[in-house]
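For reference, the structure is listed below as structure tokens.
The values are calculated or read from the model by the stated rules, or taken from the named source; none is laboratory data. Note that this is a predicted model, so its numbers are computed, not measured. Neighbour counts are summed over all protein chains in view; Cβ atoms, including those assigned to glycine, are modelled from backbone coordinates with ideal geometry. Just the protein is used for accessible areas: all its heavy atoms, side chains included, with ligands, DNA and RNA removed. Shrake-Rupley method; radii C 1.70, N 1.55, O 1.52, S 1.80 Å.
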Amino acid sequence: MSIVLGRVTAPMILKGYHKRSKEKNEVTITNEYVEGAKPVETRILPLKTNGRYTLVEVQLVTGKTHQIRAHLSQIGHPIIGDPKYGDALENQYFEQKYGLKYQILCAYKVKFELCKPPLNYLQDRVFTVPAPKIYSQICQGENLL
């Protein structure tokens, strides 16, 4: 789950190529293959938008370093609070108003699929945790509930 900049109104399946720069500890997502890049897929489900921000559920199909953060930024919807791929002015607003000092990205649910022995007992099991308190504060303050 995350809060992103901009209005997201329909589910999206994002596909691209993930290229990591170890020197900068950054990732670039491109639409076309570049040498050394790996294919990635990220699915986005908008839950609520106020027109300026959107609360989204994110499903990783692949799981590469910084994939969610870089993919959302690449399509113009950076994660609120993200110092590397986000929008500095928006991040400053959320830090001043809510004390947010990190990207608002939380793995609140894990679902096991395609399990093979010896892990087949986990097939279709879902585990959830409550979102951090700051999510409800921001969602209330920004009308995202």
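Scanning region 9-46 for residues that are under 12 Å from Glu57 (Cα atoms) and touching a His at 6+ places or on another chain (Cβ under 6 Å) returns a single hit, Thr42.
When Leu72 is tested against the conditions (1) open to solvent by 30 Å² or more (accessible area, probe 1.4 Å); (2) in contact with a strand residue (DSSP E or B) (Cβ under 9 Å, 6 or more places away or on another chain); (3) part of a helix (DSSP H, G or I), the lone failure is (1). Considered as a group, the residues in region 1-40 that are among the charged types (D, E, K, R), open to solvent by 80 Å² or more (accessible area, probe 1.4 Å) and in contact (Cβ under 8 Å) with a residue 12 or more places away in the chain include one that is farthest from Ile104 (Cα to Cα), and that residue is Glu32.
When Gln59, Gln140 are checked against the criterion of being in a helix (DSSP H, G or I), of a type outside the set (A, V, I, L, M), under 24 Å from Pro11 (Cα atoms) and free of Cβ contacts under 8 Å to residues at least 40 places away in the same chain, a single residue qualifies: Gln140. Residue-level check: of (1) touching a residue at least 12 places away in the same chain (Cβ under 8 Å); (2) buried (at least 18 other Cβ atoms within 10 Å of the Cβ), Asn91 misses just (1).
Being exposed (fewer than 12 other Cβ atoms within 10 Å of the Cβ) and part of a loop (DSSP other than H, G, I, E, B) is a property that holds for Gly51.
Checking every residue in region 100-119 against the condition of being part of a helix (DSSP H, G or I) and either out of contact with any strand residue (DSSP E or B) (no Cβ under 6 Å at 6 or more places or on another chain) or open to solvent by 70 Å² or more (accessible area, probe 1.4 Å) (or both) gives zero matches. Residues in region 120-131 that are open to solvent by less than 50 Å² (accessible area, probe 1.4 Å) and farther than 18 Å from Arg69 by Cβ: Leu122 alone.
Hey, among the residues in region 75-99 that are assigned to a loop (DSSP other than H, G, I, E, B) and charged (D, E, K, R), which one's farthest from Ala10 (Cα to Cα)? By that ranking, first place goes to Lys84. Here is a check on your reading of the model: is Ile134 within 27 Å of His18 (Cα to Cα) and surrounded by 13 or more Cβ atoms within 10 Å (Cβ to Cβ)? Answer is no for this residue.
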